[in-house]
Amino acid sequence: MDIEEFRKRGYEAVDRICKYYKELDNHNVLPNVRPGYLKELLPKEAPEEPESFDAIQSDIETKIIPGVTHWQSPNFFAFYPANSSFPGILGDMYSDMFGCIGFNWITSPACTELETIVLDWVGKLIGLDKTFLSDGYGGGVIQGTASEATLVALIAARQRVIDKYKAEGLTEEQLHVISSRLIAYGSTQTHSCLKKSTMIANVRFRALSTDEKFSLRGDTIKREIEKDISQGLIPCFLNGTIGTTSSAAVDHISELADAIQGTDVWLHIDAAYAGSALVCPEYQHYLDGVDRADSFNFNMHKWLLTNFDTSCLWVKRRKLLISALTITPEFLKNPASESGLVLDYRDWQLPLGRRFRSLKIWFVLRTYGAKGLREHIRKSISLAKHFQNRLLSEYSDLFAISTEQAFSLVCFHVIPNVKSRKTSNELTEEVYNRVNETQKIYLTHTKLNDQFVIRFVVGSPWTAKEHVDRAFDLIVKITKEAISH
Ligand code: PLP
C-alpha cells in the first residue's frame with residue numbers, strides 16, 4: 001500500500017468509523033455467533049499472494065462485525081465501561097503514525113516527556129497528593145492495565161523489603177528465605193488481579209473479610225498483620241480499593257494507612273474504575289488517606305473517555321519502582337540515560353517496548369477540558385440514579401437494591417412473590433440470562449455474600465435517558481414473565 005492508496009483507504013476507514021458510531025444504537029450489543037464461527041469463515045493459511053484492500057474491508061463487514069460485542073454501544077451496561085472517544089482514536093492514529101517505541105528517553109524524547117506532563121496534569125485533576133507528582137520524588141507512568149500496575153507495585157514492594165534485609169548483611173540464601181515469608185493482603189472484594197500478581201511474584205496472599213458494606217477496615221488488617229508477624233511471616237503489600245469490581249465499594253483507606261503505620265507494608269490503591277469520578281471535586285473525599293499510600297492507579301480507559309490502554313499509575317517514590325525494575329544491558333546504554341537528567345520509562349514497567357499512549361490522553365484532556373470530563377462522569381452517575389429510582393419507586397415489589405448505588409453502578413436482585421416457587425437467586429439468574437439472550441442490552445452479574453446480583457453500570461458517552469429507560473422496561477418485562485412462570 002503506497003501513500004496515495006493509504007490516503008484513500010484512510011479516508012474510507014474514517015467514514016466507516018463515523019457510520020459505525022452513527023448506527024451504534026441499531027446493533028444488538030451481543031453478537032449472534034457460535035464458538036468457532038470465524039474459523040469456518042476464514043482460510044486455513046495466511047494468503048500467499050497479496051489481496052486487495054476491498055476484499056479486506058468487505059470481510060470486516062461480513063465476518064468481523066457479526067462477531068463483535070459492541071462495548072461502545074449506548075446499551076452496554078456490563079462489567080465497567082471501556083470508553084472510546086474520537087480524540088482518543090485520533091491520538092492512537094498519531095501514535096501509529098510515529099510508530100516510535102519510547103522505552104528510553106532518547107528513543108523518543110517527546111514520548112517520555114509528554115507522558116510525564118500529562119500524568120502530572122491528570123494527577124492534579126483528580127486531586128492526588130502532590131507527593132505523587134514528578135517534580136518531587138514521585139511520578140506517574142502509563143501501564144497497559146490495572147493488573148500490570150498492581151504487579152509492578154507488588155514487585156517494588158517486595159524489592160523494598162529484600163533490599164532492607166540485604167542492607168543488614170543477609171546472604172543470598174537467607175534472602176531467599178525472607179522472600180518465601182512475604183505476604184500480601186487484599187479483601188475478598190479485591191480484584192483477582194492482585195491474586196494473580198502474587199502468583200506471578202511468588203508472594204503469599206490472603207483475602208481478608210470486609211464489613212457489611214464490602215469495605216476493608218483498618219482493624220481487620222491490623223489484627224491479621226500482627227498475627228502473621230508473630231508467626232514469622234513478613235507482610236509487605238496491602239491493596240486498598242476505591243470502587244471494587246463487584247459493588248464499587250470503597251475501602252477505608254485512612255484506616256488502612258493507620259493500620260500499617262510503622263511496618264514495611266506497601267499500600268497500593270486500586271481505583272481502576274472509580275478513579276475517573278475523582279475529576280469531580282464532590283468525589284475527592286474518597287482520597288482521604290491516599291496521601292499516605294505508596295502507589296495509586298486508575299484506568300482512564302474505563303470511564304474517562306480515553307481509549308484502551310491507558311492505566312495511570314503514580315508512585316510516591318519512583319526510585320523504588322525503578323530500582324526494582326531496572327536492567328541495563330550494553331545495547332540500552334546511552335549518554336542521556338547516564339546523565340541522570342531523564343526518565344526512561346522502561347524502568348517503570350514489565351515490557352521494554354511501549355507505545356506513545358500519552359498522545360491520546362493529551363488529546364482527550366484538551367478536547368473535553370476538565371469541564372467536559374466532569375459532565376461525562378456526572379451524566380453517567382445521574383443516569384444510574386435514574387435507573388435505581390425507577391426500580392425502587394415503580395417496582396419495589398419486584399426488585400431490591402443489593403447495595404447502595406455507588407458511582408454509576410446499581411446492584412439489584414429480584415424478589416420472589418408468595419406464589420413463586422423460585423428463590424431470589426434462581427429468579428435473578430434467570431432474568432439475567434434471559435435479558436442477555438435478547439442481545440439487545442448487555443448486563444453482567446456478581447455474587448454478594450450468597451446473593452446472585454445483577455450489575456447495571458452506566459458509562460458509555462452514548463448512553464442517554466431513553467437507553468436506560470428501554471433497558472429498564474426490558475428488565476421489568478422479563479422479570480414479570482419469569483415470576484409468573
Ligand atoms: N481493579 C478493579 C477494581 C477492576 O474493576 C478491574 C477491572 O474491571 C481491574 C482491577 C482489572 O483491570 P485491568 O483489566 O485494567 O487489569
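The values are calculated or read from the model by the stated rules, or taken from the named source; none is laboratory data. Here the structure is a predicted model, which means the values were calculated and not measured. Positions of Cβ are backbone-derived with ideal geometry, glycine not excepted, and every protein chain shown enters the neighbour counts.
Assorted remarks:
- Flag if Asp135 is among the charged types (D, E, K, R), without any contact (Cβ under 8 Å) to a residue 60 or more places away in the chain and away from the ligand (no atom under 16 Å from the Cβ): yes
Listed here are the residues, each with its yes/no results for (1) among the charged types (D, E, K, R); (2) in contact with a helix residue (DSSP H, G or I) (Cβ under 9 Å, 6 or more places away or on another chain); (3) farther than 27 Å from Val364 by Cα.
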{"site": "Arg16", "(1), (2), (3)": "yes, yes, no"}
{"site": "Tyr20", "(1), (2), (3)": "no, yes, no"}
{"site": "Asn26", "(1), (2), (3)": "no, no, no"}
{"site": "Val33", "(1), (2), (3)": "no, yes, yes"}
{"site": "Tyr37", "(1), (2), (3)": "no, yes, yes"}
{"site": "Ser58", "(1), (2), (3)": "no, no, yes"}
{"site": "Gly67", "(1), (2), (3)": "no, yes, yes"}
{"site": "Gly91", "(1), (2), (3)": "no, yes, no"}
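- From the list Tyr94, Tyr11, the one residue that fits, being closer than 30 Å to Ser337 by Cβ and not in a loop (DSSP other than H, G, I, E, B), is Tyr94.
- A single entry from Leu313, Leu278, Leu365 fulfils the requirement of being part of a helix (DSSP H, G or I), within 15 Å of the ligand (Cβ to nearest atom), at pLDDT 95 or above and of a type in the set (A, V, I, L, M): Leu278.
- Of the residues making up region 238-259, those that are in contact with a strand residue (DSSP E or B) (Cβ under 6 Å, 6 or more places away or on another chain), of a type in the set (A, V, I, L, M, F, W, C) and assigned to a loop (DSSP other than H, G, I, E, B) number 1.
- Asp228 being touching a residue at least 24 places away in the same chain (Cβ under 8 Å), in a helix (DSSP H, G or I) and out of contact with any helix residue (DSSP H, G or I) (no Cβ under 9 Å at 6 or more places or on another chain): yes
- Any chance Ser84 is assigned to a loop (DSSP other than H, G, I, E, B), more than 16 Å from the ligand (Cβ to nearest atom) and of a type in the set (Ser, Thr, Tyr): no
- Residue selected from region 281-304 under the condition within 16 Å of the ligand (Cβ to nearest atom) and in a loop (DSSP other than H, G, I, E, B), by the criterion surrounded by the most Cβ atoms within 10 Å (Cβ to Cβ): Leu304
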